[in-house]
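Written out below as structure tokens is the structure these notes cover.
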Amino acid sequence: GGPPLLEAPHYTRPAEFEGMAVPEVLLSGHHARIEAWRREKALERTRAIRPDLLAEKPPTRQG
């Protein structure tokens, strides 16, 4: 559940490209930590780019 989020950053091989390194957690193979990292980064991106997606919305009236 929860609000829709923007995607977390995506990385590929090699582990370093043009001076930018892939975060160590993504190379660790620890799936739970990788998923937690992706969720954290998705929240960070959403807060920075689309904070409206995280805003509390008042209940809608049906009628």
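The values are calculated or read from the model by the stated rules, or taken from the named source; none is laboratory data. The model shown is predicted, which means the values in this text are computed figures rather than measured ones. Neighbour counts run over all protein chains shown; Cβ positions are idealised from the backbone, glycine included.
Structure data summary
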| quantity | calculated |
| --- | --- |
| Residue, modelled with the lowest pLDDT, within region 7-18, restricted to residues that are surrounded by 10 or more Cβ atoms within 10 Å (Cβ to Cβ) and under 17 Å from the mean Cα position of the chain (by Cα) | 11 |
| Filter pass, residue 8 being part of a helix (DSSP H, G or I) and of a type in the set (A, V, I, L, M) | no |
| Qualifying positions in region 19-63 - surrounded by 10 or more Cβ atoms within 10 Å (Cβ to Cβ) and either hydroxyl-bearing (Ser, Thr, Tyr) or touching a residue at least 60 places away in the same chain (Cβ under 8 Å) (or both) | 28, 46 |
